[in-house]
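Only the coordinates and a few stated rules stand behind these numbers; no lab work does. Not measured: the values here are computed from a predicted model. Cβ sites come from the backbone with ideal geometry, for glycine too, and all protein chains shown count toward neighbours.
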Amino acid sequence: MEKKQGSIDTEFKLLIIELIIIFAFVPVLVWVSMITDDGIIQSIIVSCESIMMGILFIIAHFKMNCKKDKNYKKCTGVIVKLPIGRSGLRYPIISYEVDGKVYTVQSRVGHRGIAVFFFKGKKVKVYYDESNLAVAYTKEYISLIIGCLIILAGSMGISGVFYRVFLMPK
């Protein structure tokens with residue numbers, strides 16, 4: 001029995017918030033660029049916006065991956081198939097065993113490229129519901145990685161502004 005994991009609304013709500021933040025700062029950037037020449041204020045605004053977006057990605061990661069239900073237990077599963085989805089991505093089907101019975105779950109995380117062919121047979125962590133053993137999920141880390149990279153980019157922007165204002169010879 002192959003089941004797809006249910007979608008979680010939280011990630012979409014946070015994506016909408018991120019887009020609102022981006023579009024809210026566009027008029028501010030245009031206005032500031034009309035009254036200043038040096039670009040420092042624009043750099044600070046874009047860097048702070050990047051840091052806020054990174055934080056929202058990290059919050060989305062924890063909202064998607066931290067199950068509130070205490071009935072979930074961890075076990076080890078094995079990737080048995082890599083079917084191609086509608087978007088051309090491969091969504092791994094993971095087989096796991098509980099109490100001598102084998103169950104399967106399909107990951108919501110799609111992969112592409114040549115590396116996916118090395119996934120078959122790979123062991124992964126599966127979290128299953130004790131009251132309904134057929135209900136399970138796997139954790140995703142892509143939003144956490146993206147969030148950290150965006151925060152890093154924003155921090156580099158702020159450090160560049162700091163360098164230009166305080167350390168750069170005039």
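For the pair Val30 and Tyr141 in one chain, pulling the backbone fully straight at 0.36 nm per residue adds 36.5 nm over the alpha carbon distance.
Between Cys48 and Lys101, the FRET efficiency from the beta-carbon distance, with R0 = 41 Å, is close to 0.20.
With R₀ set to 25 Å, the beta-carbon distance separating Ile55 from Phe119 gives a calculated FRET efficiency near 0.25. Distant-in-sequence amide contacts of Leu89, defined by a placed amide H-H separation under 5 Å and a gap of 5 or more residues or a different chain, comprise nothing.
Pairs over the 22 Å Cα-Cα cut-off, from the set Lys73/Lys125; Lys63/Lys101; Lys63/Lys123: Lys63/Lys101; Lys63/Lys123.
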